[in-house]
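Below is one structure, written out as structure tokens, with a few remarks after it.
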Amino acid sequence: MKPLILGIFQYISPNGTVGSAWQHPDDTSADFLSIDHWTELAQKFDAAGLDFLFLADSYGFPALDGELLDAAVREGRGVPQGDPMPIVTAMAAVTDKLGFILTTSTTVEQPAANARRFATLDHFTKGRIGWNIVTGSSGATAAALMGRDLISHDTRYDMADDYVDVCLKLWEGSWADDALRLDKENGVYADPAGVRMIHHEGPYFRAHGILNLPPSPQRTPLLVQAGASGRGREFAGRNAEAVFVAGGVPSVVAANVAGVRASAVAAGRAADSVKLLVGALFITAPTHDEAVAKHTEMLAMSTPEGAAAIYAGNTGIDLLALDPDKPLAQTSTEMGQSNVERYLAKDGTPAPLVRDILENFRTTGINGSVFVGTPEEVVDQVEEFVRATDVDGFLIQPHLTPGTYDDLIELVLPVLKSRGLMTAERHGSTLREQLFGEGAARLPASHRGQAFSAAATPVV
Ligand SMILES: Cc1cc2nc3c(=O)[nH]c(=O)nc-3n(C[C@H](O)[C@H](O)[C@H](O)COP(=O)(O)O)c2cc1C
């Protein structure tokens, strides 16, 4: 088995990925508005040799029919939530290798603003930045906040394709590699012949102008995607270099993984040109009983009301208002589709009942897979899961901050290393090289973004 890619999942919020761990006496995540909280965590992850820190984000919040849900506010779940962008440079300044993947939604800002911000961050992080492209969970509240109507699910992905085109043209097409001269003797900052206007007249976005920055180490940030609906997977096949998939039953995860790889092949790319990373909780302790006790303690901090609020914000469906003894009557939504599809009948297995859906969501959250036990037991479970699903790595959710990470680093990583599932070896200095190997700092030739390259024919 190949070494795994390991990233850490966080929001700029008190912990709430499964339950409200901020209330635990040892948990420090309520300090999420302090810069030191983040720089200390980033240093810990960097020193441990983890690949990246992922900062999830959404402008939406848990609501039903446009009304904020009390449980979300009371329990600190989905409310509050800060913008991940401003903290990244502080973390980059105190780390060497750790990558940073940030979410922005294609339904919030204009693509050129997004492209410029990521290009600036790619410079400031020396090529350690990735973009998690989402069309927006909690889409209804985010749209209302921006003064817009909710755009239908598949149209959001059509718009996202167009949005990414604008970004790729700016990143790949605006500056030639040798345009920057910095020639003090002759007073030439950059060669005007190497800085080009890009022109985009797409179905949803128009952009005419330049990326007002010289090329950054990666040019295009590592492109990541997180929606697992059918249309989401198609989008991933065209655009993504890494995909975050929800965990859960291995056969379902395996089908998602195979679906993304097939979409990549349909888009003319190799099946392994996309790294599949599964959201998961690793709960461990020196003995099995202690690990189980930690898990039980964690679940006690997750209420049905809090879980239902997160589910409602994501899908628009109120699990608490449905008959607990029936499956979901609704099989699709114009909001996030993955967490509806997750609970439909499949492969001969009947659809779960609403009471079981709520309990499953309460105990696993949006990510799904939970590995509990001694470090050896956890790594045994991980190996079995990887074999059954063909995933490339994990996105590790916090339970307690920093306790979950200390357990991971002190107990699990040594076992992963001893089995060859983690290497301390670093590949190049950029995030893309860390995932794809030294020398792979830029988008590969097989990615459609290369068609917009400044080295190729002029961009139209
Ligand atoms: C591990 C993981 C991380 C995610 N991170 C985000 C995020 O930061 N912001 C967001 O809006 N959606 C995020 N999502 C995706 C949403 O949960 C939701 O599935 C998606 O936005 C809607 O797309 P879909 O209809 O294709 O599922 C994440 C999903 C997973 C599994």
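The values are calculated or read from the model by the stated rules, or taken from the named source; none is laboratory data. These figures come from a predicted structure and were not determined experimentally. Note that each Cβ is placed from the backbone with ideal geometry, even for glycine, and that neighbours are counted across all protein chains shown. What goes into the accessible areas is simple: the full protein's heavy atoms, side chains included, and nothing from ligands, DNA or RNA. Shrake-Rupley method; radii C 1.70, N 1.55, O 1.52, S 1.80 Å.
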Check: When you scan region 236-259, how many residues do you find that are within 14 Å of Tyr157 (Cβ to Cβ) and part of a helix (DSSP H, G or I)?
Finding: 4
Next item on the list: Name the residue, out of Ile283, Ile317, Ile310, that is part of a loop (DSSP other than H, G, I, E, B) and hydrophobic (A, V, I, L, M, F, W, C).
Entry: Ile317
Item checked: Search result, residues across region 235-258 that are more than 19 Å from Ile5 (Cα to Cα), modelled with pLDDT of 95 or more and more than 15 Å from the chain's Cα centre (by Cα) -> Gly237, Arg238
Item checked: Hits in region 354-369 (condition: outside any loop (DSSP other than H, G, I, E, B) and either within 15 Å of the ligand (Cβ to nearest atom) or among the hydrophobic types (A, V, I, L, M, F, W, C) (or both)) -> Val354, Ile357, Leu358, Asn360, Phe361, Thr364, Ser369
Check: If you go through region 18-34 one residue at a time, do you hit one that is touching a strand residue (DSSP E or B) at 6+ places or on another chain (Cβ under 9 Å), more than 30 Å from Glu425 (Cα to Cα), at pLDDT below 95 and within 16 Å of the ligand (Cβ to nearest atom)?
Finding: yes
Checklist line | Odd one out for Val249, checked against (1) touching a strand residue (DSSP E or B) at 6+ places or on another chain (Cβ under 9 Å); (2) surrounded by fewer than 21 Cβ atoms within 10 Å (Cβ to Cβ); (3) closer than 16 Å to Asn367 by Cα; (4) touching a residue at least 12 places away in the same chain (Cβ under 8 Å) | finding: (4)
Check: Restricting attention to region 193-232, and to residues there that are within 16 Å of the ligand (Cβ to nearest atom) and surrounded by fewer than 23 Cβ atoms within 10 Å (Cβ to Cβ), which single residue is nearest to Ser138 (Cα to Cα)?
Finding: Ser229
Check: When you look at Ala440, is it out of contact with any Leu (no Cβ under 8 Å at 6 or more places or on another chain) and modelled with pLDDT under 95, yes or no?
Finding: no
Check: Would a scan of region 391-403 turn up a residue that is of a type in the set (A, V, I, L, M), part of a helix (DSSP H, G or I) and open to solvent by 10 Å² or more (accessible area, probe 1.4 Å)?
Finding: no
Margin query: So Thr423 passes all but one of these: (1) touching a Lys or Arg at 6+ places or on another chain (Cβ under 9 Å); (2) modelled with pLDDT of 95 or more; (3) surrounded by fewer than 23 Cβ atoms within 10 Å (Cβ to Cβ). Which condition number does it fail?
Written below: (2)
Check: Name the strands (runs of 3 or more DSSP E) wholly within region 149-235 that hold at least 1 residues that are of a type in the set (Gly, Ala, Ser) and in contact with a helix residue (DSSP H, G or I) (Cβ under 6 Å, 6 or more places away or on another chain)?
Finding: 206-209
Next item on the list: Quickly run through region 146-174 and pick out the residues that are out of contact with any Leu (no Cβ under 8 Å at 6 or more places or on another chain) and hydroxyl-bearing (Ser, Thr, Tyr).
Entry: Ser152, Thr155, Tyr157, Tyr163
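Listed here are the residues, each with its yes/no results for (1) in contact (Cβ under 8 Å) with a residue 12 or more places away in the chain; (2) more than 18 Å from Asp51 (Cβ to Cβ).
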{"site": "Ala388", "(1), (2)": "yes, yes"}
{"site": "Leu413", "(1), (2)": "yes, no"}
{"site": "Arg419", "(1), (2)": "yes, no"}
{"site": "Thr430", "(1), (2)": "yes, no"}
{"site": "Gly439", "(1), (2)": "no, no"}
{"site": "Gly449", "(1), (2)": "yes, yes"}
Next item on the list: Spot the failing condition for Asn114; the list is (1) away from the ligand (no atom under 16 Å from the Cβ); (2) of a type outside the set (Asp, Glu); (3) part of a helix (DSSP H, G or I); (4) open to solvent by less than 10 Å² (accessible area, probe 1.4 Å), and only one is missed.
Entry: (1)
Notebook entry, point to check: Considering only residues of region 64-94 that are under 22 Å from Arg426 (Cβ atoms) and crowded, with 20+ Cβ neighbours inside 10 Å, which is farthest from the ligand (Cβ to nearest atom)?
Noted result: Ala92
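Listed here are the residues, each with its yes/no results for (1) open to solvent by 10 Å² or more (accessible area, probe 1.4 Å); (2) closer than 17 Å to His399 by Cβ; (3) of a type in the set (Lys, Arg).
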{"residue": "Tyr11", "(1), (2), (3)": "yes, yes, no"}
{"residue": "Ser20", "(1), (2), (3)": "no, yes, no"}
{"residue": "Asp27", "(1), (2), (3)": "yes, yes, no"}
{"residue": "Phe52", "(1), (2), (3)": "no, no, no"}
{"residue": "Asp57", "(1), (2), (3)": "yes, no, no"}
{"residue": "Pro62", "(1), (2), (3)": "no, no, no"}
Check: Within region 135-148, how many residues are in a helix (DSSP H, G or I) and either among the charged types (D, E, K, R) or touching a residue at least 60 places away in the same chain (Cβ under 8 Å) (or both)?
Finding: 6
